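The values are calculated or read from the model by the stated rules, or taken from the named source; none is laboratory data. Just so you know, these numbers come straight off a predicted model, no measurement behind them. A quick note on method: Cβ atoms are made from the backbone with ideal geometry, for glycine too, and the neighbour counts reach across all protein chains shown.
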Amino acid sequence: MHTIPFNKPYLTGRETQYIQEAVASGKISGDGIFTKKCHDFFKQQYGFSSLLTTSCTDALELAALLLEIREGDEVIAPSYTFVSTVNAFVLRGAKIVFADSEAHSPNIDVAQIESLISPRTKAIVVVHYAGMACDMDKVMDIAERHNLFVVEDAAQAIDAYYQSEKHQKPIALGRMGELAAFSFHETKNIISGEGGMLVVNDAQYFKRAEIIREKGTNRSAFFRGEIDKYGWVDVGSSFLPSDIIAAFLYAQLENLEAIQRRRREIWHRYYTALKPLEQTGYIQLPTIPVYATNNAHMFYLLCENLEQRSALIAHLKSQGISAVFHYLSLHKSPFYQSKHDGRHLPHCDRYADTLLRLPMFYELTEVQQDRVISSIKSFFNA
C-alpha cells in the first residue's frame, strides 16, 4: 500500500529550464530577469506593487520595519496563526494583543478588534486562513477610524478575492491593507521551495521598502540609472531572493490557472463526499463567507475534540495516509503565555484541538482521494 503524503510539491516542467536561463544570463543574485518577470506578472494579474522576498517571514519583517514598529507599540493579531505573523513585530519590540478566531472560521473575530485597541495600538494584522478572506471592509473601517495600519498576512491567499457591495468587482487579497505578505513555500498553491513577497499598497512606502530590502542602501535606484552612486541611507537587511528562486516561481506563475483549476476540483470533491458526515453531526466542514472566494489552498475538517482528532490521525496513518493538525494557540505558547493578558480565547483553542488538514496537492489522484474519503468514513462507521 503506497503512502499518501500530506503534500507533494508540483513541478510544471519549466522550472529547471528557467533556472538554466537565469544562470546563463550571468546574474543569479537578486533582482534579475526572472524577478522582474514575476513582479510584472503580479502587477498585471492582481494589480500588486510587489517585491519578492526570500520568505513570507521576511516580507512580514520588512513590513514591521516599514511601519517603524518599536518598543511600547501594540499590534493586534489572531492567536490561531503561524509564529511568523507576530514574531516579525515582536522582533521590533511590540507587544502582541491576541484576538480570538470566529466561531465559524479560524480567521480573526473582527467584532473583537475594537475592544482591544489602546492608545499604544499601532497596527492590526489579519490572516486570511486557508485563503478565505477576513471581513476586510469592517477591518479597514476600524483601522481608518482609529488611524491604525493594516497588514494582511496573505501567506495562504494567492489568487483569492474579497467581494462586497462596497466594491464594483472582487479585490485580490493583499490589495486592501497598507502592506501584505505572501508565501511561496512548497506547501502553498504556487511555490518556489522557500520564497515570499511583500505587496505595498500605499505608494509612499515603496521606495523605502526597496531600500530596506537591499540592506538599507539605494542600490536598486542605482541599477535603474536614477542615481550615479549608491550608499547606506536607512536601516535594512538582505530580504531579496536569488533570481534562481524567481526563475522557479515564474514557471509556476505561468501555470497558475491550471494549478488553481485542479486544486478546486480536489477541494470540491472532498467537500461533496464528506458533506453527509457533516449532516449527520460527525464532523464540521469549512464555511466560505459570502465576501470570500475559495482558492483551494487547503481542505480541513473539524473533529469533535482533541481525542477524536488524535484517533482519526492515527487511523489514517494506519491506512498509509498523512493528515495533520495545524497551529497551536500562540497565546498559550511557552514563549508568550506569560506576556498574554490572560483572556480566554475559546474558538482559537477549539481549532487548535480539532482542526485536521487532509492531503491536498495538484497530483493527488481520484483513487488516492477516494482512499482518504473511505478511510474517514470507515473511522466513523459511516
Inter-residue pairs, beta-carbon under 7 Å, first in contact (Cβ under 8 Å) with a residue 60 or more places away in the chain and in the range 111-139, second among the charged types (D, E, K, R) and in a loop (DSSP other than H, G, I, E, B), 6+ apart | 137/166
Would it be correct to say that residue 122 is assigned to a loop (DSSP other than H, G, I, E, B), surrounded by 18 or more Cβ atoms within 10 Å (Cβ to Cβ) and basic (Lys, Arg)?
-> no
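Could you grab me the full set of residues in the range 49-60 that are part of a helix (DSSP H, G or I) and surrounded by fewer than 23 Cβ atoms within 10 Å (Cβ to Cβ)?
Here is the first cut: in the range 49-60, the residues part of a helix (DSSP H, G or I) are 56-60.
Matches in the range 49-60: 57 only.
Determine whether the range 239-252 contains at least one residue that is loosely packed, with under 14 Cβ neighbours inside 10 Å and at pLDDT 95 or above.
Of all residues in the range 239-252, those loosely packed, with under 14 Cβ neighbours inside 10 Å come to none.
No, that holds for no residue.
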Within the range 181-230, how many residues turn out to be buried (at least 19 other Cβ atoms within 10 Å of the Cβ), part of a loop (DSSP other than H, G, I, E, B) and free of Cβ contacts under 8 Å to residues at least 24 places away in the same chain?
-> 1
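Identify all residues within the range 127-172 that are part of a helix (DSSP H, G or I) and on the phi < 0 side of the Ramachandran plot; write none if there are none. Don't jump to the end; show me each part of the working.
In the first step, residues of the range 127-172 are kept if they are part of a helix (DSSP H, G or I); the result is 129-131, 136-145.
Within the range 127-172, 129, 136, 137, 138, 139, 140, 141, 142, 143, 144, 145 qualify.
Suppose the filter is surrounded by 20 or more Cβ atoms within 10 Å (Cβ to Cβ), closer than 22 Å to residue 341 by Cβ and assigned by TED's automatic domain parsing to the domain that holds residue 178; does residue 139 pass it?
On the way: surrounded by 20 or more Cβ atoms within 10 Å (Cβ to Cβ): yes; closer than 22 Å to residue 341 by Cβ: yes; assigned by TED's automatic domain parsing to the domain that holds residue 178: yes.
Spelling it out, residue 139 is indeed surrounded by 20 or more Cβ atoms within 10 Å (Cβ to Cβ), closer than 22 Å to residue 341 by Cβ and assigned by TED's automatic domain parsing to the domain that holds residue 178.
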Have a look at 280, 293, 272, 287 and point out the one that is among the polar types (S, T, N, Q), modelled with pLDDT of 95 or more and either in the same structural domain as residue 57 (by TED's automatic domain parsing) or touching a strand residue (DSSP E or B) at 6+ places or on another chain (Cβ under 9 Å) (or both).
-> 293
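Results for (1) surrounded by 17 or more Cβ atoms within 10 Å (Cβ to Cβ); (2) without any contact (Cβ under 8 Å) to a residue 24 or more places away in the chain; (3) closer than 28 Å to residue 253 by Cβ, shown as yes or no for each residue.
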residue: 27; (1), (2), (3): no, no, yes
residue: 32; (1), (2), (3): yes, no, yes
residue: 47; (1), (2), (3): no, no, yes
residue: 62; (1), (2), (3): yes, no, yes
residue: 71; (1), (2), (3): no, yes, no
residue: 76; (1), (2), (3): yes, no, no
residue: 97; (1), (2), (3): yes, no, no
